[in-house]
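Single-structure report; data block below.
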């Protein structure tokens, strides 16, 4: 049913696209883009000698998700842009979106209910302040108006957005609607970025951009509870701050980039050591939510690299680390991360709009975090009742094929070793079929 809906929408939108494509050199006054993505996934049965509330179920499961987004952009002045994105999302993840830290469906952060629900994804304005006369050409895209922007600029963005719209970008792995689907490969899994259940926040972003490098700072509201929909409004005390430096390189004419990220979250969070200490005193199971205190600090760092090796062939990788002592709160339960992969464009086999890619992601926990789970503690999406710790390893490969202009079908295969860092459970094979439609005016 979801597939039929997306195909009907795609056909209707193509009929509406009567105007020729905008010349990137001509400034757009406004634009309108649309996307719809449906992901169906299946995992078979696997070894599961025990389970708890947040375990991946050992029996076969088949689930699906659907998201649909309108992207409206409006140029208020030459260097002032406004964006408004309503979004519809629904569906289910395996075992209630629990049981794997590097969860296999990157659209699930958008999904709060099984029935499709409409909500506000983005509502923000960006103001550029230019230095010098040089300008760079910008093409029309989602949340991007065709025209030009100052080559050297200071930009301020204020409103509702996803922090990942501006930070931790990677040419080869940043969009689960068209690229890799795993949570810890689409973004840095050790970055517990500020967001609500849908993956968005309210805040601001500052960027200083030049031809070869950029510096960014952003601050966003944190949820009141882990993975919650409501935000903590005490922003002077509780918020998520993120900093990133980016250097763009071009060895032998091939584009590449290196990004270094750091973040600090202040929120009403608990710590694993306090939860274990309290459990020892009360002779109960550790519960990190019982140790929450306003203003608790969580911090971490990330490295993000991309490099084109040849035309349509690129490699990429990420490293991530956070303090490992503070409650997993907004994204996922990963303290240590290493990922590496390769992406190949289909021009080599006369399919220029196709992509084949493969990646390996290894995730880990701090010692106190692992001990908390050994003692039967639960995070907001993992917890098997006990644990024989091992790194969670996920290999993912996909092939994305353009069916017709604006319509893409993807076959994706993932293999998970030690789901939720537990050597006693798994491994798990996960197959997926993704249908993605996009349109722009």
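The values are calculated or read from the model by the stated rules, or taken from the named source; none is laboratory data. What you see is a predicted model, and the numbers here were worked out from it, not measured in a lab. Don't worry about glycine lacking a Cβ; one is built from the backbone with ideal geometry, like all the others, and counts go over all protein chains shown.
So for the range 166-176 (the condition being over 23 Å from residue 362 (Cα atoms), touching a strand residue (DSSP E or B) at 6+ places or on another chain (Cβ under 6 Å) and crowded, with 22+ Cβ neighbours inside 10 Å), does at least one residue qualify? If you could, list the steps in order and put the result at the bottom.
Going through the range 166-176, the residues over 23 Å from residue 362 (Cα atoms) turn out to be 166.
Checking which are touching a strand residue (DSSP E or B) at 6+ places or on another chain (Cβ under 6 Å) leaves us with 166.
Retained after the next criterion (residues that are crowded, with 22+ Cβ neighbours inside 10 Å): none.
Among the residues of the range 166-176, not one is over 23 Å from residue 362 (Cα atoms), touching a strand residue (DSSP E or B) at 6+ places or on another chain (Cβ under 6 Å) and crowded, with 22+ Cβ neighbours inside 10 Å, which makes the answer no.
Collect the residues in the range 92-106 that are surrounded by 24 or more Cβ atoms within 10 Å (Cβ to Cβ) and out of contact with any helix residue (DSSP H, G or I) (no Cβ under 7 Å at 6 or more places or on another chain), keeping them in residue-number order.
The answer is 104, 105.
So residue 65 fits all but one of (1) within 19 Å of residue 34 (Cα to Cα); (2) under 16 Å from the mean Cα position of the chain (by Cα); (3) at pLDDT below 95; what number is the exception?
The one condition residue 65 does not meet is (3).
Checking the conditions here, which among 208, 167, 180 is in a strand (DSSP E or B) and either modelled with pLDDT of 95 or more or under 22 Å from residue 398 (Cα atoms) (or both)? Full working, then the answer.
Numbers: 167 fails: in a strand (DSSP E or B); 180 fails: in a strand (DSSP E or B).
Going through 208, 167, 180 in turn, the sole match is 208.
Restricting attention to the range 12-54, report how many residues are outside any loop (DSSP other than H, G, I, E, B), modelled with pLDDT under 90 and surrounded by 14 or more Cβ atoms within 10 Å (Cβ to Cβ).
Initial filter on the range 12-54 (outside any loop (DSSP other than H, G, I, E, B)): 12-16, 30-43, 54.
Pick out the ones that are also modelled with pLDDT under 90 and you get 12-16.
Narrowing the set further to residues that are surrounded by 14 or more Cβ atoms within 10 Å (Cβ to Cβ) leaves 13-14.
Qualifying residue count, the range 12-54: 2.
Only residues that are surrounded by fewer than 17 Cβ atoms within 10 Å (Cβ to Cβ) and at negative phi: list them for the range 338-367, please. Steps first, please.
Keep residues of the range 338-367 that are surrounded by fewer than 17 Cβ atoms within 10 Å (Cβ to Cβ), which gives 340, 342, 347-353, 358, 360, 367.
Across the range 338-367, the qualifying residues are 340, 342, 347, 348, 349, 351, 352, 353, 358, 360, 367.
Determine if the range 110-124 includes at least one residue that is assigned to a loop (DSSP other than H, G, I, E, B), surrounded by 20 or more Cβ atoms within 10 Å (Cβ to Cβ) and touching a helix residue (DSSP H, G or I) at 6+ places or on another chain (Cβ under 7 Å). Don't jump to the end; show me each part of the working.
Of the residues in the range 110-124, the ones assigned to a loop (DSSP other than H, G, I, E, B) are 111-116.
With surrounded by 20 or more Cβ atoms within 10 Å (Cβ to Cβ) added as a condition, the list becomes 111.
From what is left, the residues that are touching a helix residue (DSSP H, G or I) at 6+ places or on another chain (Cβ under 7 Å) are none.
No, every residue in the range 110-124 fails to be assigned to a loop (DSSP other than H, G, I, E, B), surrounded by 20 or more Cβ atoms within 10 Å (Cβ to Cβ) and touching a helix residue (DSSP H, G or I) at 6+ places or on another chain (Cβ under 7 Å).
Could you tell me whether residue 195 is in a loop (DSSP other than H, G, I, E, B), over 11 Å from the mean Cα position of the chain (by Cα) and touching a residue at least 40 places away in the same chain (Cβ under 8 Å)?
On the way: in a loop (DSSP other than H, G, I, E, B): yes; over 11 Å from the mean Cα position of the chain (by Cα): no; touching a residue at least 40 places away in the same chain (Cβ under 8 Å): yes.
No: the conditions fail for residue 195.
Kindly provide the set of residues from the range 277-321 that are out of contact with any strand residue (DSSP E or B) (no Cβ under 9 Å at 6 or more places or on another chain), within 30 Å of residue 353 (Cβ to Cβ) and buried (at least 16 other Cβ atoms within 10 Å of the Cβ), ordered by number.
none
Within the range 217-226, does at least one residue satisfy the condition of being surrounded by 19 or more Cβ atoms within 10 Å (Cβ to Cβ), part of a loop (DSSP other than H, G, I, E, B), out of contact with any helix residue (DSSP H, G or I) (no Cβ under 8 Å at 6 or more places or on another chain) and in contact (Cβ under 8 Å) with a residue 40 or more places away in the chain?
Yes, the range 217-226 contains a residue that is surrounded by 19 or more Cβ atoms within 10 Å (Cβ to Cβ), part of a loop (DSSP other than H, G, I, E, B), out of contact with any helix residue (DSSP H, G or I) (no Cβ under 8 Å at 6 or more places or on another chain) and in contact (Cβ under 8 Å) with a residue 40 or more places away in the chain.
Could you list, in sequence order, all residues of the range 265-312 that are assigned to a loop (DSSP other than H, G, I, E, B) and in contact with a helix residue (DSSP H, G or I) (Cβ under 9 Å, 6 or more places away or on another chain)? Explain how you work it out, then say what you get.
Start the filter on the range 265-312 by keeping residues that are assigned to a loop (DSSP other than H, G, I, E, B), which leaves 270, 283-287, 292, 311-312.
If the condition is that a residue be assigned to a loop (DSSP other than H, G, I, E, B) and in contact with a helix residue (DSSP H, G or I) (Cβ under 9 Å, 6 or more places away or on another chain), then 270, 284, 285, 286, 287, 311, 312 are the ones that fit.
I'm trying to understand the selection: among the residues of the range 392-403, which are touching a residue at least 40 places away in the same chain (Cβ under 8 Å) and surrounded by fewer than 19 Cβ atoms within 10 Å (Cβ to Cβ)?
Let us first name the residues in the range 392-403 that are touching a residue at least 40 places away in the same chain (Cβ under 8 Å), namely 392, 394, 396-402.
Across the range 392-403, the qualifying residues are 397, 399, 401, 402.
Here is a check on your reading of the model: is residue 431 in a loop (DSSP other than H, G, I, E, B) and either more than 21 Å from the chain's Cα centre (by Cα) or within 17 Å of residue 43 (Cα to Cα) (or both)? First the steps, then the outcome.
Details: in a loop (DSSP other than H, G, I, E, B): no; either more than 21 Å from the chain's Cα centre (by Cα) or within 17 Å of residue 43 (Cα to Cα) (or both): yes.
For residue 431, the condition - in a loop (DSSP other than H, G, I, E, B) and either more than 21 Å from the chain's Cα centre (by Cα) or within 17 Å of residue 43 (Cα to Cα) (or both) - is not met.
Going residue by residue through the range 230-241, is there one that turns out to be part of a loop (DSSP other than H, G, I, E, B), under 23 Å from residue 138 (Cβ atoms) and more than 18 Å from the chain's Cα centre (by Cα)?
Among the residues of the range 230-241, not one is part of a loop (DSSP other than H, G, I, E, B), under 23 Å from residue 138 (Cβ atoms) and more than 18 Å from the chain's Cα centre (by Cα), which makes the answer no.
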